[in-house]
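The values are calculated or read from the model by the stated rules, or taken from the named source; none is laboratory data. Predicted, not measured: the structure shown is a model, and the values here were computed from it. Please note: Cβ atoms are built from the backbone with ideal geometry, for glycine as well, and neighbour counts cover all protein chains shown. Side chains included, ligands, DNA and RNA excluded: accessible areas come from the protein's heavy atoms. Shrake-Rupley method; radii C 1.70, N 1.55, O 1.52, S 1.80 Å.
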2 protein chains.
Amino acid sequence: MILTTAIAPKTLTAQELHNIDAYWRAANYLSVGQIYLLDNPLLREPLKLEHIKPRLLGHWGTTPGLNFIYAHLNRAIKIHDLNAIYVAGPGHGGPGIVGNTYLEGTYSEFYPNISQDVEGMKRLFKQFSFPGGIPSHVAPETPGSIHEGGELGYSLLHAYGAVFDNPDLFVCCVIGDGEAETGALATSWHSNKFLNPVRDGAVLPILHLNGYKIANPTVLARISEEELKSLLIGYGYKPYFVEGDDPEILHQQMAETFDAIIREIKAIQYDARTNGFSKRPQYPMIVLKTPKGWTGPKVVDGIPIEGTFRAHQVPLAELATKPEHIKLLEDWMKSYKPEELFDENGRLIEELAELAPKGDRRMGANPHANGGLLLKDLKLPNFQDYAVKVPKPGTIKAEATRIMGQFLRDVMKRNLDSQNFRIMSPDENNSNRWNAILEVTNRVSTAEILPTDDHIATDGRVMEVLSEHMCQGWLEGYLLTGRHGFFSCYEAFIHVIDSMFNQHAKWLKVTHQIPWRKQIASLNYLLTSHVWQQDHNGFSHQDPGFIDHVVNKKADVIRVYFPPDANTLLSVTDHCLRSRNYVNLIIAGKQPELQWLDIDAASKHCEAGLGIWDWASNDQGVEPDVVMACAGDVPTLETLAAVDFLRQHFPNLKIRVVNVVDLMTLQPFSEHPHGLSDRDFDSIFTSNKPIVFAFHGYPLLIHRLTYRRTNHHNLHVRGYKEEGTTTTPFDMVVLNELDRFHLAQDVIDRVPQLQGIGAHEKQLLKNKLIDHKQYIAEHGEDMPEIRNWQWRY
Amino acid sequence: MILTTAIAPKTLTAQELHNIDAYWRAANYLSVGQIYLLDNPLLREPLKLEHIKPRLLGHWGTTPGLNFIYAHLNRAIKIHDLNAIYVAGPGHGGPGIVGNTYLEGTYSEFYPNISQDVEGMKRLFKQFSFPGGIPSHVAPETPGSIHEGGELGYSLLHAYGAVFDNPDLFVCCVIGDGEAETGALATSWHSNKFLNPVRDGAVLPILHLNGYKIANPTVLARISEEELKSLLIGYGYKPYFVEGDDPEILHQQMAETFDAIIREIKAIQYDARTNGFSKRPQYPMIVLKTPKGWTGPKVVDGIPIEGTFRAHQVPLAELATKPEHIKLLEDWMKSYKPEELFDENGRLIEELAELAPKGDRRMGANPHANGGLLLKDLKLPNFQDYAVKVPKPGTIKAEATRIMGQFLRDVMKRNLDSQNFRIMSPDENNSNRWNAILEVTNRVSTAEILPTDDHIATDGRVMEVLSEHMCQGWLEGYLLTGRHGFFSCYEAFIHVIDSMFNQHAKWLKVTHQIPWRKQIASLNYLLTSHVWQQDHNGFSHQDPGFIDHVVNKKADVIRVYFPPDANTLLSVTDHCLRSRNYVNLIIAGKQPELQWLDIDAASKHCEAGLGIWDWASNDQGVEPDVVMACAGDVPTLETLAAVDFLRQHFPNLKIRVVNVVDLMTLQPFSEHPHGLSDRDFDSIFTSNKPIVFAFHGYPLLIHRLTYRRTNHHNLHVRGYKEEGTTTTPFDMVVLNELDRFHLAQDVIDRVPQLQGIGAHEKQLLKNKLIDHKQYIAEHGEDMPEIRNWQWRY
């Protein structure tokens, strides 16, 4: 390819054009080198099979496009003084991003053994997708990344999450045309209705339309340009098309387009910041249409490669059996003219190295992409100040999550100046009883707002949209760039983001092994409107399985809490807001429920994670006859009501009540740092007495956490067994045999000294269940003795 | 509201207008009645508190819109002779759909106690959202529904799934503007690129823009009409806007629009069916913009209700404490003029009843919505004909899923005439090795097709799109309307549809209790490119947790299979294609792997579900010293390689090898119909010998399935423990200690007679692991002794 000065006045001078093209060639060269080479990195000797990796793993197809954008973004950062990071949606183009951070010098700063010389380049090539090396996708190991390039769909959400409350930040987000087909990505375009140019930075989406996925064309590449344009305008953007396969023309077009777009964005921001927010602007974006595997082999073995799906991964393979492919590879790599790009020592020549921004402006070094560097602790009020007064356990009612909302209101208030705390919810903030937060801030929308709307403003800090994907993705992006947040969600529907949770948990796990990745704030979930409180929404809204899903992840990453009342919920919330690098899962109810612990007892109980409730037990000074354990607010209520019945009818029965707040205490200490030692576990759960355990979720989870404990064979767990419909709250627990009457029967069945003598009481309990069914069939609500029950001891 | 003949020539005559409005009023009346009333259904006596339900549960906001559409669709069915069903995206408007099926008579046919008289109406009202009654959402119990109205986002996918291969079917799909924000819905508009008017029916999407969700405005209601129009055109549709709050005007508009649209759709179909497919048509759709809670209370206690988010659920509450609300309710219900709508006996007057279609054309009676009625068995070739020849276990290699693809090719071929079998995959059909299917059909696309594309045609039966949501939703819709299919997916990313699986499994569970719901074909998953074969894609692609997720569902709904080789996979595939009303999960690898069983042995093994592999064991006639169990192809390989080592080094050690294909056999029989009896379990796993179990997924799952078994305390499970990166296949198992060397060490550590004497061999094994690490660091691939290992006994 010969670059000429070409036509009339262009954005790039001939020299600039030559240089930016050379920089791009260098990145492409390094990308191919990473995919193929073990040795001979600069091809200074003829390429031989022994220089080539035996297993060829990597994705070429998207990489030249990613490199093209990186080079132009470098230029834009310098010219327009941008504070920018790069989100690579097609993150399987890992060699491109790694190669670029190597070219700009950041890679060698984080990994000094990958030095900017021949030996370093050789190591750079070898480590890629090689045992003991680095992943083939953009990953936590990649400098400058906040986005794992594995599962597709979340790039644009991460980009928006990053720019919220970062007015100076500019995120260039490359979206693959394959990724664009995913549900999460398809809705995330609408994030622009939540972005306020006064206080937020800018996202530049670049839809990279290279036409193919692994084996299929992409949907957006096969609709007319007019339809695509209409779609993007409908999403609220102003699309610019940069299209072709001639680098010379495309460099000019891209430089020109970047300049125009950045001027537009700056004008939008200037206007909003000078004159205040007036209306949602139409932000520019780019559709970059280039061939898949651009600049790679055009035809191999007579089959077209460039511009087809065959360029997706490794365009040339079978090098051991097809020696002519080695020659093709060599020609391909040499087409980038490495001898013009790298000096004698293997370092990028000075003239090109100057094209990269300096210091922290290099995208691989931007501190926003290593958010822990920027993280400030939240200013937290004393959670004890929000306590519910509990003069006596089980006599007054409160809505736990409403109290939590009051605490969060003041967390919000105290940190308004810092602009580093946001609340996410899929249209459920008030339904989940966090109404109080709206006393100090609003919901945010930059779409049209009408007088009939409630607490909506362009500068609100509560983000509500009916998409769990968006809530999750925004929050991840916000946390990864060093801020704090909380996500409240209906328990059943958090499964919508199971897969996103997986990826975030995996990210956190890997960052624990990367010294330069600083700790970020934990991802905090409140799951409420939970399985036991979805009696009116019915079976479709009843699913506590997210707990199981979370517990599969590494112990150093996840925490699961079941505060049984408002004061314990306050303590747990405070703890989660202070924690770092975890996913904290809190499950708590929103309905008026009996309160058990005053704030001092609650704080101590939460610190221990689980404990014997002496006030509810009557085994003081002796071994109990039975342990009644519970985790979750509704199971705690039912357990205590069962205890009440049993103590009334069997005053000599010694009952120990154990409440579990921190689920991880049940696991062996060897499996989780919160796990109780076997000795402590045995001293609480005894080594041989029956345990009746009432659990919020699926009963098997308790078994899988405790199967190694001494007394496991005496453990009987009640929980959700997929029975439910639209019925009364108490009937929900009855359907799943988690209710007080079943629990009391379980004890009678299991305590040896009650064998035989408990027959009358068992009948009583059975009659209660019959009465219950009759009552609800007639009245449609629970019996007064259920609704009005209080703790009496 | 007084209806006048109004202006010039309209679609509806005055009489027609009056009638359709009256029909709509009747549906609205029944909807409000269901939400509120226990008694006094026709308000023939003054409304009193005792007539009103104590717990008011339901969603009014969307209901009048759903009813409005239903009435007009009834008209269209009659005029245009449509074979139509109704998918209610905002399915929480359950009372509307229930009310309409009651009006048309189908409800009483399915549920004779809900008769079309005063007593029946009273029961209809009472049962709604009442204990022992029906759910408040559209549910399996609702006649005419294939769509649960709980979790939002899947309506349009179900609608498209229903019309594929149903050329005469017309699905009217109402999409809530809240639902439209979800990821799944946002991408599912693109389903039109997979619809072929020659062979498929038509979907009419109606975006119901009523402005609000529970508490927030919707995104699409707050962008300009121009932007919305642009978005929908960009999605490939031709939007018609029907907008306003004056019923008289809207009835005319809606009738006119329906007529125009149906003519357009018929013209599209006629053209395609006469002249063949030429290009993707632009299908019409409707944007229906009406106030939320339309015709309900406008203002309550001085606060606006109609047209605001406050109309979402129950607009009038606190009836016990606010007697004036009872009056408001009575006025509201009487505004529909029930006395004009229902006769003396409480039956819809004849003049209105005639507006509904007849027989199976009534949407509540359409057999497509009870797909089991239409289900035909697949014509299956003999799976044994596809067998891999296995002269001796563990000596030849085959790609299991490729063999499965050959079987599925001929399943496809034999059923091409019936047009009732489709394959779904998120761009992974060939990656998952089902290439053979493309020998007899193509991938389908009705977007642009280029010469560089591979096996893509407008009439293909393989559906590939990079959205697990779309694959899942289409398949659900296809199965629910009585057809068959298979979904192949990378194991890690099937979590994208965790939540959709939940809802489908719940649907199936509920239908088991509904006699009139006929059995449908099972939802079959092949998960491949699994955790042990994602060594090159790395940690982000490694997650076997979907198994855990599935196992939480009811035993009568789910099945999980781990065929260890190609012949067992054939047998399992055949079984799954014959099964009904399950979700079948098959996990199998796609790489060349050693084959163990010939087809006879494989068939028997799969029939049993698990079994002792005598040829691999050396405990014939005696109790073994150790049981080595395995589930999954890679764990089976590693187990047998460990057995090989142990038999070589400890010839006197009696080893029993147990392979598990059907995971559910491990559970107690009381928990799952496939569960082994305790006696059988003990006879296979012994009651006191160590068991070393190599498992494909998370080890805790095996514990939770077996914790009640006699010998559980001797069970030691190896599996995935969230360790992984980009490395070699064998290193993946080493990182998780599931490899042959660790398994052999586990045995040495656990068998009493090897205590002390196994020290030398343990060191050998440790050295092997060191050798392995050194070898891969140098060569980037596994040692030849690993790659070339074969079974020797």
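Rounded to the nearest 5, the antiparallel percentage of DSSP beta bridges internal to segment A:383-593 is 10%.
Taking square-rooted eigenvalues a ≥ b ≥ c of the alpha carbon gyration tensor, is segment A:86-202 rounded, prolate or oblate, where a/c under 1.5 means rounded and, failing that, a/b exceeding b/c means prolate?
Values: a/c = 3.45, a/b = 1.77, b/c = 1.95.
Oblate shape, in that a/c is at least 1.5 and b/c is the bigger or equal ratio.
Report the far tail of the P(r) of segment A:132-172, meaning the percent of Cα-Cα pairs longer than 14 Å. I get 53 percent for the Cα pairs in segment A:132-172 exceeding 14 Å. Computed packing ranks the peptides B:562-568, B:476-482, B:653-659 as B:562-568, B:476-482, B:653-659, most packed first, by mean other Cβ atoms within 10 Å.
Accessible area per residue for segment B:69-153, computed on protein heavy atoms with a 1.4 Å probe, is 22 Å². A straight line joining the Cα centroids of segment B:397-472 and segment B:231-285 runs 31 Å.
Heavy atoms only, probe 1.4 Å: what % of the accessible area of segment B:612-787 goes to carbon and sulfur, would you let me know?
Working: 3080 of 6030 Å².
The C+S portion of the solvent-accessible surface of segment B:612-787 is 51 percent.
Taking Cα atoms only, the orientation of helix A:599-608 departs from the longest principal axis of chain A by about 60 degrees. For segment A:383-593, the spread of Cα positions along the three principal axes, ordered from largest to smallest, is 49, 42, 37 Å. A dipole drawn for segment B:14-364 from +1 and -1 charges on Cβ atoms has a positive end, and of B:Asn74, B:Gly58, B:Gly276 the residue lying farthest that way is B:Gly276. When the Cα gyration tensor is reduced to axis lengths a ≥ b ≥ c, the ratio a/c is 1.5 or higher for segment B:456-558, and with a/b not above b/c it is classed as oblate. In a reduced charge model with +1 at each Lys and Arg Cβ and -1 at each Asp and Glu Cβ, the protein assembly as shown shows a dipole moment near 1180 debye about its Cα centre. If you plug the beta carbon distance of B:Asp385 and A:Lys322 into 1/(1 + (r/R0)^6) with R0 = 35 Å, you get a FRET efficiency near 0.50.
Ignoring ligands, DNA and RNA, please state the percent of accessible area on segment B:383-593 from carbon and sulfur, probe 1.4 Å. All intermediate terms of the calculation are to be shown ahead of the outcome.
Numbers: 2270 of 4780 Å².
The C+S portion of the solvent-accessible surface of segment B:383-593 is 48 percent.
Over all directions, average the projected area of the Cα convex hull of the protein assembly as shown and note it in nm². Average projection, Cα convex hull of the protein assembly as shown: 56.1 nm². Taking every DSSP beta bridge that has both ends in chain B, the antiparallel portion is near 15%.
Once the Cβ-Cβ distance between A:Tyr270 and B:Arg263 is put in as r, and R0 is 51 Å, what FRET efficiency do you end up with, to the nearest 0.05? Efficiency, rounded to the nearest 0.05: 0.50. For chain B, a/c is not less than 1.5, where a ≥ b ≥ c are the root eigenvalues of the C-alpha gyration tensor, and a/b tops b/c. That puts it in the prolate class. The H on the amide N of B:Thr446, modeled in the peptide plane, is under 5 Å from the matching H of B:Phe194, B:Leu195, each at least 5 residues off or on a different chain. Charged side chains reduced to their Cβ positions (Lys and Arg at +1, Asp and Glu at -1) give segment B:14-364 a dipole of some 720 debye around its Cα centre. Nonpolar atom fraction for segment A:220-260, defined as the carbon and sulfur part of the 1.4 Å probe accessible area, stands at 47 percent. Each of A:Ala642, A:His716, A:Leu663 was placed along the dipole of segment A:612-787 (beta-carbon charges, centred on the mean Cα), and the one lying farthest toward the positive end is A:His716. If R0 is 60 Å, the Cβ-Cβ spacing of A:Arg679 and B:Tyr793 corresponds to a FRET efficiency of close to 0.85. Counting only Cα atoms, the size of segment B:704-793 along its three principal axes is 46, 32, 24 Å, in decreasing order.
Amide H contacts of B:Glu399 (H built 1.01 Å from N, in plane; Pro and chain starts excluded): B:Glu593 sit under 5 Å, all sequence-distant by 5 or more or on other chains.
For chain A, a simple Cβ point-charge model (Lys and Arg +1, Asp and Glu -1, everything else neutral) yields a dipole of about 820 debye relative to the Cα centre. Taking amide H positions as modeled 1.01 Å from N, with prolines and chain starts lacking one, the residues under 5 Å from B:Ile52 and 5 or more places away or on another chain are B:Leu38. Projecting the Cα atoms of A:Asn524, B:Tyr154, A:Gly293 onto the dipole axis of the protein assembly as shown, where Lys and Arg carry +1 and Asp and Glu carry -1 at the beta carbon, places A:Asn524 farthest toward the positive end.
One Cα centroid belongs to segment B:700-754, the other to segment B:198-226; the line between them spans 51 Å. The modelled label-to-label distance for the pair A:Glu16/B:Glu671, using points 7 Å beyond Cα in the direction of Cβ, is 6.8 nm.
For chain A, what relative contact order do you get, as a whole percent, if you take Cα pairs closer than 8 Å and at least 6 residues apart? Don't jump to the answer; show the numbers that get you there.
On the way: 1652 pairs, mean separation 86.2, N = 793.
Reported relative contact order: 11 percent.
Across the copies of the chain, B:Gln519 has label points (7 Å from Cα along Cα→Cβ) spaced 5.6 nm apart, shortest distance listed first. Per the Debye calculation on segment B:612-787 with a single equal scatterer at every Cα and no solvent contribution, log₁₀ I(q)/I(0) for q = 0.14, 0.17, 0.20 Å⁻¹ amounts to -0.74, -1.05, -1.37. The B-A contact accounts for roughly 9300 square angstrom of buried accessible surface, both chains included, probe 1.4 angstrom.
Each DSSP beta bridge with both residues in the protein assembly as shown is either parallel or antiparallel, and the antiparallel ones are about 15%.
Beyond a 22 Å Cα-Cα separation, which of these cross-linked pairs lie in this structure: A:Lys229/A:Lys298; B:Lys298/B:Lys334; A:Lys213/A:Lys238; A:Lys509/B:Lys762? Present the calculation step by step, with values, prior to reporting the outcome.
Working: A:Lys229/A:Lys298 29 Å; B:Lys298/B:Lys334 15 Å; A:Lys213/A:Lys238 25 Å; A:Lys509/B:Lys762 31 Å.
Too far apart for the 22 Å limit: A:Lys229/A:Lys298; A:Lys213/A:Lys238; A:Lys509/B:Lys762.
For helix A:247-275, what angle does its Cα long axis make with the longest principal axis of chain A, in degrees from 0 to 90 and rounded to 10? Taking Cα atoms only, the helix is inclined about 50 degrees. Rounded to the nearest whole Hz, the Karplus-based 3J(HN,Hα) values (6.51 cos²θ - 1.76 cosθ + 1.60, θ = phi - 60°) of segment A:29-39 follow the sequence 4, 5, 5, 5, x, 5, 5, 10, 9, 9, 7, with x at glycine and proline.
In chain B, the longest principal axis of the Cα atoms and the axis of helix B:498-511 are about 70 degrees apart. Placing a label point 7 Å from the Cα of A:Glu50 along the Cα-to-Cβ direction, the residues of segment A:330-352 with a backbone N closer than 19 Å are A:330.
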